[in-house]
Amino acid sequence: MNTRRDFLIQAPVGLLGLAAACRGDTQPGGAATAAATATPGAPVAFGTAPLAGPEVTAATFAEASKLMQVTHTEPERAMMAEAWRRTLASQMERRNGPRKVTLPETLSPASVWHPVAAVGASVPSRNEFVRATDDPGPLPADDAAIAFAPVSQLSRWIERRQLTSVRLTQIYLARIAKHDGMLRCIITLNADGALARARAMDAEIAAGRYRGPLHGIPYGVKDLLDTAGIATTYGAEPFRDRVPTTDAPVVKRLDDAGAVLLAKLSLGALALNDIWFGGQTMNPWLPEEGASGSSAGPGAATAAGLVGFSIGSETGGSIVSPSMRCGVTGLRPTFGRVPRTGAMTLCWSLDKLGPMTRGVEDAMLVLQAISGPDAGDVSSVASSLSYVADTPVRGLRVGYFPAWMNDAPATAVDRAALQQLTTLGLVPVKLEWPDLPHSALMNILFSEAAASFEALTANGQASTMKVQVPDAWPNLFRMARFLSAVDFVQADRLRRRFAEVVQAMLTKADVLLVPSLRDEMLTVTNFTGQPSLTLRTGFVEVSEARSDWAPDPAHPLPTFATPRRVPHGVTLIGRHFDEGTIVRVGRALERVAGAATQRPPGF
């Protein structure tokens, strides 16, 4: 096909030919040049490009039609086969040449997803932050009790000089030495750097400088965030020796807040599930099963009391799922609130970075530190953050879907959470979910992911990754080559439709309460960019280990004759850039549910 690019290349040639004709220029023997004989002013037409690509036949299109699930007549297939090499095959030139173009990792697509603009709304302008004034109580004598304390308590003890950053860092280092061999949640430990940083933070406090609630708190980041001089491996074999020279803005902002980088935490390779080049990250509550992913390390390390808090990421459930499995709090911010500059790109229009913590308010304390735009992320936007901890939640409307509450994956814990919110004075609002094909949106995720790691697939390095099963990235990247661009555009239009649907729901309710792993909501709200808060509100019993991977009869999951007790929670969904409301509701629910302070056995 003669694209606009081809036209711009060929048009000057035509003009030169016309000029030659006006001068009477001819080829040897007196024949006029081809350019000179072209009719002046004739447009460039489709189907007139030089032949490109391999030969194709009607049978080629008959087989391809099975992948696309479309039908054509035999004459239509014959016409497509005849025209393909002159009309569409040349579009592969960027990839196949002769003019190949290597696109830098930092170059994002021209189309940018702005969820608020997509529904004709605006970013809230109110900016107010008041944390809870709860008394943290006395500093425990037991190191484990200190390790499991939420940031809301740790920060008060450090501020009051009852606890030093050095001591807290040493507690976590000792626990890592004891437990990480089983959990495999840490890829790179920054022990010396963390102790030096902790000493510096203690010195600042001694000198009268207190930076805020994260001052002196040791933390870990999912190993897809760049850290200067410390390996950032993406959990994948091809990148295990990758050492950045600069910090990602999120890491820099945590540094400015006084936090202490203790560890780079595991993730399923290239942000899928819970297996990385060092093995599978396990769930502290049930060590026979994986921690879920892809923020497996943040989930396991936070649940096991190995860090004060952690930073995870989510594209399609990677904060929500390990938060559920490991029983921690996961705050997935509104798309665009937290910049992804310096983070591994899986999907430009879906990736989000957010805190994973042991308490609801902790997540908000971390979010405050990392919010704000960055020039390196064209999807990041300037936004306000409104959170006044003790504002009453009575009278707020909580939307729920009755059809979901008695259907898997909902449990008695989900139903109890709705009742607890009603007891707190929230007004329940029944909603209905539209009968729309939410799985069609995944065309966007698979296409963006395959584009992001195109070179890895093309050069064969994807084949070096540990997991080579049908539902792992290497195979998904290869299959994504056969997705339809037409379906991609239609999925993008469906995405806007879903954004309008969720926006309408949130005019009837202030928050939505949903079973955390309900596929419709988990998928759709990631695509619409809604903020979500996942928190532990109870426990359930399981007789079989759980897995993010498709069932494999050759490797059955462990079963338990005596059911095992594991944490369970719910997820609150909010309006764009209104994390403050879902955190206030979550904090009230956390208190009444009374499940957040229990620790995994043996830790």
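Residue by residue through segment 88-110, note down the ones that are assigned to a loop (DSSP other than H, G, I, E, B), without any contact (Cβ under 8 Å) to a residue 40 or more places away in the chain, at negative phi and not hydrophobic (A, V, I, L, M, F, W, C).
Pro98, Arg99, Lys100, Pro104
Collect the residues in segment 547-570 that are modelled with pLDDT under 95 and charged (D, E, K, R), keeping them in residue-number order.
Listed by number, the list holds a single entry, Asp552.
Could you look through segment 314-343, keep only residues that are of a type outside the set (D, E, K, R), closer than 19 Å to Ile370 by Cα and open to solvent by 10 Å² or more (accessible area, probe 1.4 Å), and pick out the one that is nearest to the chain's Cα centre (by Cα)?
The qualifying residue nearest to the chain's Cα centre (by Cα) is Thr315.
With (1) in contact with a Pro (Cβ under 9 Å, 6 or more places away or on another chain); (2) open to solvent by less than 10 Å² (accessible area, probe 1.4 Å); (3) in a strand (DSSP E or B) as the list, and Lys264 as the residue in question, which single condition is left unmet?
Going through (1) in contact with a Pro (Cβ under 9 Å, 6 or more places away or on another chain); (2) open to solvent by less than 10 Å² (accessible area, probe 1.4 Å); (3) in a strand (DSSP E or B) one by one, Lys264 breaks only (1).
Is there any pair with a first residue in segment 381-401 that is on the phi > 0 side of the Ramachandran plot and a second that is assigned to a strand (DSSP E or B) and hydrophobic (A, V, I, L, M, F, W, C) whose Cβ atoms are under 7 Å apart and which are 6 or more apart or on different chains, and what are they?
These pairs meet every condition: Gly395/Val427.
Val502 fails exactly one of the following numbered conditions: (1) touching a His at 6+ places or on another chain (Cβ under 6 Å); (2) over 23 Å from Pro355 (Cα atoms); (3) not small (Gly, Ala, Ser). What is the number of that condition?
In the conditions (1) touching a His at 6+ places or on another chain (Cβ under 6 Å); (2) over 23 Å from Pro355 (Cα atoms); (3) not small (Gly, Ala, Ser), Val502 misses (1) alone.
Condition first: assigned to a helix (DSSP H, G or I) and free of Cβ contacts under 8 Å to residues at least 40 places away in the same chain. Now tell me which residues in segment 125-152 satisfy that.
Scanning segment 125-152 gives Asp143, Ala145, Ile146.
Restricting to segment 353-364, and then to whatever is of a type outside the set (A, V, I, L, M) and assigned to a helix (DSSP H, G or I), can you tell me which residue is surrounded by the fewest Cβ atoms within 10 Å (Cβ to Cβ)?
Restricting to residues being of a type outside the set (A, V, I, L, M) and assigned to a helix (DSSP H, G or I), the top hit is Glu361.
Quickly run through segment 538-587 and pick out the residues that are part of a loop (DSSP other than H, G, I, E, B), open to solvent by less than 70 Å² (accessible area, probe 1.4 Å) and within 17 Å of Val398 (Cα to Cα).
Residues satisfying the conditions are Gly574, His576, Asp578.
Take segment 484-516 and flag every residue that is among the β-branched types (Val, Ile, Thr), surrounded by 20 or more Cβ atoms within 10 Å (Cβ to Cβ) and over 20 Å from the mean Cα position of the chain (by Cα).
If the condition is that a residue be among the β-branched types (Val, Ile, Thr), surrounded by 20 or more Cβ atoms within 10 Å (Cβ to Cβ) and over 20 Å from the mean Cα position of the chain (by Cα), then Val511 is the only one that fits.
Restricting attention to segment 464-477, which residues are surrounded by 13 or more Cβ atoms within 10 Å (Cβ to Cβ), more than 21 Å from the chain's Cα centre (by Cα) and not β-branched (Val, Ile, Thr)?
Lys466
Quick one: which residue in Leu367, Leu350, Leu441 is farther than 21 Å from Gly586 by Cβ, assigned to a helix (DSSP H, G or I) and under 21 Å from the mean Cα position of the chain (by Cα)?
Exactly one residue qualifies, and that residue is Leu441.
The values are calculated or read from the model by the stated rules, or taken from the named source; none is laboratory data. Since the structure is predicted, the reported quantities are computational estimates derived from the model, not experimental observations. Cβ atoms come from the backbone with ideal geometry, glycine included; neighbour counts cover every protein chain shown. The protein model used for the area step is the full one, side chains on, heavy atoms only, and it has no ligands, DNA or RNA in it. Shrake-Rupley method; radii C 1.70, N 1.55, O 1.52, S 1.80 Å.
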